[in-house]
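Below: one structure, written as structure tokens.
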Amino acid sequence: KLASKYRWKKYFEVNNQSLSVPANATKKTPLSAHCAVEVKYLGGSKVEVMFEGKGKQLVKVCDVIKPTEPLIIAGDAQNSTAWFVVISLAK
């Protein structure tokens, strides 16, 4: 799914987490030794997501997650690469 929207041809998954976040609550989970994601469930399908790398906030997004399409957060990395955090609703 990422290859159809972004320019890179090869992708690999570094981490896969399942996170249960109750309404009006926030949960934070590490994705690697240097990165973490914090998800606040605002009710319905609306979430606030903060992604941090090396102790600094890199991205903060408030958006709706559609049941058929995940929320994708991305940013530049070294050597003409990028990172992606893909968040979807549990089935």
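The values are calculated or read from the model by the stated rules, or taken from the named source; none is laboratory data. Because the structure is predicted, anything quoted here is derived from the model rather than measured. When we count neighbours, we look across all protein chains shown, and the Cβ atoms used for this are built from the backbone with ideal geometry, even at glycine.
Data for the structure
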| quantity | calculated |
| --- | --- |
| Selected residue [β-branched (Val, Ile, Thr) and closer than 14 Å to residue 74 by Cβ] from 59, 21, 39 | 59 |
| Members of the stretch 56-91 found to be over 10 Å from the mean Cα position of the chain (by Cα) and of a type in the set (A, V, I, L, M), listed by number | 58, 64, 65, 77, 82, 89, 90 |
| Residue, surrounded by the most Cβ atoms within 10 Å (Cβ to Cβ), within the stretch 1-37, restricted to residues that are among the small types (Gly, Ala, Ser) and touching a Phe, Trp or Tyr at 6+ places or on another chain (Cβ under 8 Å) | 36 |
| Pairs, first exposed (fewer than 15 other Cβ atoms within 10 Å of the Cβ) in the stretch 57-72, second part of a strand (DSSP E or B) and of a type in the set (Lys, Arg), C-beta under 7 Å, six or more apart | 64/46 |
| Selection within the stretch 73-88 - of a type in the set (Ser, Thr, Tyr) and surrounded by 11 or more Cβ atoms within 10 Å (Cβ to Cβ) | 88 |
| Condition check for residue 15: in contact (Cβ under 8 Å) with a residue 12 or more places away in the chain and on the phi > 0 side of the Ramachandran plot | no |
| Answer residue from the stretch 22-61, given it is of a type in the set (S, T, N, Q) and modelled with pLDDT under 90 and is nearest to residue 87 (Cα to Cα) among those | 45 |
